Amino acid sequence: MLLISCPYCGPRDEHEFSYGHEAHIARPTLEQQQTMSDAEWADYLFMRKNPKGVHFERWVHSRGCRQWFNVARHTVTHEIIKVYPMGEPAPNLEQK
Amino acid sequence: MKQNYSIFTLVRNALNYHQDWQEAWRSPAPKPEYDVIVIGGGGHGLATAYYLAKEHGITNVAVLEKGWLGGGNTGRNTTIVRSNYLWDESAHLYEHSLKLFEGLTQDLNYNVMFSQRGLMNLAHTQHDMQALRRRVYAIQLNGIDSEILTPEQIKEMVPILDCSATARYPIMGASLQRRGGVARHDAVAWGFARKADERGVDILQNTEVTGFRIENGVVKGVETTRGPIGAKKVGIVVAGHSGVLAGMAGFRLPVESHPLQALVSEPIKPILNTVVMSPQVHVYVSQSDKGELVLGAGIDAYTSYAQVGSPFIIENQLNALTDLFPCFGRLRMLRQWGGIVDTCPDASPIIGKTPVENLFINCGWGTGGFKATPGSGNVFAHTIARGEPHPLAVPFALDRFTSGYLIDEHGAAGVAH
Ligand SMILES: Cc1cc2nc3c(=O)[nH]c(=O)nc-3n(C[C@H](O)[C@H](O)[C@H](O)COP(=O)(O)OP(=O)(O)OC[C@H]3O[C@@H](n4cnc5c(N)ncnc54)[C@H](O)[C@@H]3O)c2cc1C
Ligand SMILES: [Zn+2]
């Protein structure tokens, strides 16, 4: 069971959250969309990093404040390394 | 020559206190090069090696397994076998596998304990019933056995199900595939391993692949914890670790790895003689030959490689179980575990070529690939041997995510598994 620290409500049981999968996948801009190939669309829509190690992912406090945020979590130990706001780039964890 | 397993060898070996059984497979040192390397010694990888040798005459083959045979999802699953899928592409593929299952014990000379005890999918709402009818008719049009049961017929088959009008989840009907059932998971892996070995396949356990040797976009071999091994062709069959191996070869997959948990109860006398699944309330249950109830449900939401999940997932499925079967309310649970399943956006597998030449992949079976073990190995062996997909595998190529020809089996298949 994960204990997730919502940036707005504090530490809460995993039960209260929903998973938003891989973070930092930017939707192509209208301009990019005009020239994108099918392969580029497939890459955006379906291809995932799915790392064994640190994963940058989104969660939403769906049974609480209903805010979205990003989490850096290890996919083997399940350790939550960092919680950071939407829109912020993935943290460079080496510097930590 | 391998000794045949039969009642006579059993008696003879019993008289010798079981001292003289032949080893089921050798553990040779790796050769410098193979015609085909199969990465992953689960059921799918071992079946691939077996059919490469048996049907394509390719015997200079190695199966590389980082741990022990069947230690991945093959040895962790709840062993449900069925072919009642909605879409034609899946129906044909899973039915191919079910037919192979029907002759597998004889073919492998190994008792895989395939028990066609029937498999029931419950419907609890009007909408469940509509979806169920559509599915059953589609399955019948594909020539696969499937029928609709009334609540009275269900009650007769499984008297311990709460079919009363006041049930928390009223039972309005069910679909039944009589040819569905369960098999012994380890036996499937061991049976394929033994027969593949007999035909000359090298089975190398404790041999982890750590990288690929790729020259000008063509795979030439693999790096392993026991040194480099050359290969003309390589097949990746590593289920939950597919993304890791794809990463080593420099491409990405539309696959995510999630924990899937299962558990068994203390053993009890025979009480349930079929498989019961409820897609809506989300639990499924069968009784093993030892008497344990074997239970499973859905994946944990987050990605993971840890082979453990969160306890509330188990709590949910036990709630569902005791609502459907009140008499199980005081049973104790004995063991619980998790596996890492490779889920695809359309809940269908990926079988075929990769962006690297002579490197093939078979993955994405997610929560439901045990039933496909012989069929998957069979079509994948063909795909590797010919360098062209088996006709049944054509729709399952990686490029369907580019073409948009997805085979959406979410819900369509009734439930995961
Ligand atoms: C709890 C649970 C219940 C399930 N229930 C059902 C069910 O009822 N019915 C059904 O049809 N399916 C079910 N499934 C799904 C089914 O178990 C899988 O789809 C199927 O067993 C996959 O087989 P496989 O041989 O591809 O994978 P695995 O058996 O996982 O084999 C892959 C192997 O690759 C090895 N490997 C990984 N990385 C490397 C490397 N770098 N080098 C060498 N080897 C490597 C692993 O050690 C592993 O042994 C269930 C799964 C789980 C976890
Ligand atoms: Zn919150």
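Among the conditions (1) on the phi > 0 side of the Ramachandran plot; (2) surrounded by 19 or more Cβ atoms within 10 Å (Cβ to Cβ), B:His282 misses just one, which is (2). Listed by first and then second residue, the pairs linking a residue in region A:7-30 that is of a type in the set (Phe, Trp, Tyr) to a residue that is assigned to a strand (DSSP E or B) and more than 13 Å from ligand 2 (Cβ to nearest atom), with Cβ atoms under 7 Å apart and 6 or more places separating them unless they lie on different chains, form an empty list. Of everything listed in (1) at pLDDT below 95; (2) part of a loop (DSSP other than H, G, I, E, B), the single unmet condition for B:Ala131 is (2). Of all the criteria given as (1) closer than 26 Å to B:Val244 by Cβ; (2) part of a loop (DSSP other than H, G, I, E, B); (3) touching a residue at least 12 places away in the same chain (Cβ under 8 Å), the one not satisfied by A:Gly64 is (1).
Of the residues making up region B:254-272, those that are within 7 Å of another protein chain (Cβ to nearest Cβ) and either over 18 Å from the mean Cα position of the chain (by Cα) or in a strand (DSSP E or B) (or both) are B:Pro254, B:Glu256, B:Ser257.
The residue that is nearest to ligand 2 (Cβ to nearest atom), among those in region A:5-23 that are assigned to a strand (DSSP E or B) and open to solvent by less than 10 Å² (accessible area, probe 1.4 Å), is A:Cys6. Does A:Trp59 count as within 16 Å of ligand 2 (Cβ to nearest atom) and open to solvent by 80 Å² or more (accessible area, probe 1.4 Å)? Considered against the rule, which asks whether it is within 16 Å of ligand 2 (Cβ to nearest atom) and open to solvent by 80 Å² or more (accessible area, probe 1.4 Å), A:Trp59 comes out as no.
Could you list all residues from region A:27-43 that are open to solvent by 20 Å² or more (accessible area, probe 1.4 Å) and either touching a His at 6+ places or on another chain (Cβ under 6 Å) or away from chain B (no Cβ under 11 Å) (or both)?
As a first pass, look at region A:27-43 and keep what is open to solvent by 20 Å² or more (accessible area, probe 1.4 Å): A:27, A:29-41, A:43.
A:Arg27, A:Thr29, A:Leu30, A:Glu31, A:Gln32, A:Gln33, A:Gln34, A:Thr35, A:Met36 - these are the residues of region A:27-43 that are open to solvent by 20 Å² or more (accessible area, probe 1.4 Å) and either touching a His at 6+ places or on another chain (Cβ under 6 Å) or away from chain B (no Cβ under 11 Å) (or both).
For region B:202-250, which fully contained strands (runs of 3 or more DSSP E) count at least 3 residues that are touching an Asp or Glu at 6+ places or on another chain (Cβ under 9 Å)? Show your work before the answer.
Values: elements: B:202-204, B:209-215, B:218-224, B:229-236.
Once the strands (runs of 3 or more DSSP E) in region B:202-250 are filtered for at least 3 residues that are touching an Asp or Glu at 6+ places or on another chain (Cβ under 9 Å), what remains is B:209-215, B:218-224, B:229-236.
Selection of strands (runs of 3 or more DSSP E) fully inside region B:297-407 by the criterion of at least 3 residues being open to solvent by 10 Å² or more (accessible area, probe 1.4 Å) returns B:333-343.
The values are calculated or read from the model by the stated rules, or taken from the named source; none is laboratory data. Because the structure is predicted, anything quoted here is derived from the model rather than measured. With ideal geometry, Cβ positions are generated from the backbone for all residues, glycine too; neighbour counts draw on all protein chains shown. Accessible surface areas use protein heavy atoms only, side chains included; no ligands, DNA or RNA. Shrake-Rupley method; radii C 1.70, N 1.55, O 1.52, S 1.80 Å.
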